[in-house]
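K.L.:
Please see the structure below; I have some questions.
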Amino acid sequence: MYVGRFIVIAPDFGAYRVSSRSFPDRVVRPNDEGDGYAVVPEDDYDNPYVSYNCMRSAGDATVLGNGSHVDPVTEKIRAGYPARDALALALLTLDYEKDDYDTPRIAGVVGGDGEASYIGIVTHDSLVIERVDEPTLVATYEVQRPEAVGFNVSSADEAARSAYEMGYEHPVAACAVYGEETAAYNGDGDA
């Protein structure tokens, strides 16, 4: 089954996976800001949705998501907003992507220092933000309501690889955070 991009958010870790039928030649690399990872194409595209920060540190918290909304969520948390409010504000303001598929925006915040973790999605007709108490997945297609998922990991590397290897079609790359540890995985042993 093809679910598109997805995130798994838990109280103490998070993972993001890029999946794509149209733009498979992308990788996850350290971002220009030096505080996380970005999805970058290996070829040039005239498409504003194929390159973006997908994971950024926001103090003790970490933000993950499938597009440019990761940046304002990060900035709001750094400015003192609660994670839930930062997610809601950015997702509501930027709305779903205005592409041929009305692609939803998905995002999550792994709370740090005892703070709660949250997962969210905005589609063409809904906005959902939920606190998570167990590993929870939401995707751009098919799984557009947060749902619990079996995802037992003990490191960032294991989380990135596990997200990449989940049984959904067209994996491209993944990244993850576990505590203060981060990792990226681009398949075929390329971390």
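K.L.:
Leaving out ligands, DNA and RNA, and with a 1.4 Å probe, what % of the accessible surface on the chain is carbon or sulfur?
P.N.:
Here it works out to 42 percent.
K.L.:
Turning to a different aspect of this structure: What is the distance, in nm, between label points placed 7 Å from the Cα along the Cα-to-Cβ direction at ASP85 and at ARG21?
P.N.:
4.1 nm
K.L.:
Any chance you could run the full-extension gain for GLU115 through ARG29? It's 0.36 nm times the residue separation minus the Cα-Cα distance, nm to one decimal.
P.N.:
28.2 nm
K.L.:
Right, something else. In Å², and per residue, what accessible area does the chain have when probed at 1.4 Å with the other protein chains present? Before the final figure, lay out the partial values.
P.N.:
Details: 8630 Å² over 191 residues.
So the chain comes to 45 Å² accessible per residue, rounded to a whole number.
K.L.:
Based on the Cβ-Cβ distance from LEU127 to GLU180, what FRET efficiency comes out when R0 is 35 Å, to the nearest 0.05?
P.N.:
Values: r = 30 Å, r/R0 = 0.87.
Between LEU127 and GLU180 the formula returns 0.70.
K.L.:
When the Cα centres of the range 73-108 and the range 112-133 are compared, how far apart do they sit, in Å?
P.N.:
10 Å
K.L.:
Moving on to the next point. Return the label of the correct value of Rg/Rh (Cα atoms, Kirkwood Rh), as calculated from the structure shown, out of [x] 1.10; [y] 0.92; [z] 1.04.
P.N.:
[y]
K.L.:
How long are the three semi-axes of the equivalent ellipsoid of the range 78-191, in whole Å, if each is the root of 5 times an eigenvalue of the C-alpha gyration tensor, listed from largest down?
P.N.:
Semi-axis lengths for the range 78-191 are 23, 19, 13 Å.
K.L.:
Using a Förster radius of 22 Å, what is the FRET efficiency between ASP60 and ASP95 based on their Cβ-Cβ separation? Nearest 0.05, please.
P.N.:
0.20
The values are calculated or read from the model by the stated rules, or taken from the named source; none is laboratory data. Predicted model only: the values in this text are computed from it and were never measured. Don't worry about glycine lacking a Cβ; one is built from the backbone with ideal geometry, like all the others, and counts go over all protein chains shown. Each accessible area value is taken on the protein alone, full model and side chains, heavy atoms only, with ligands, DNA and RNA left out. Shrake-Rupley method; radii C 1.70, N 1.55, O 1.52, S 1.80 Å.
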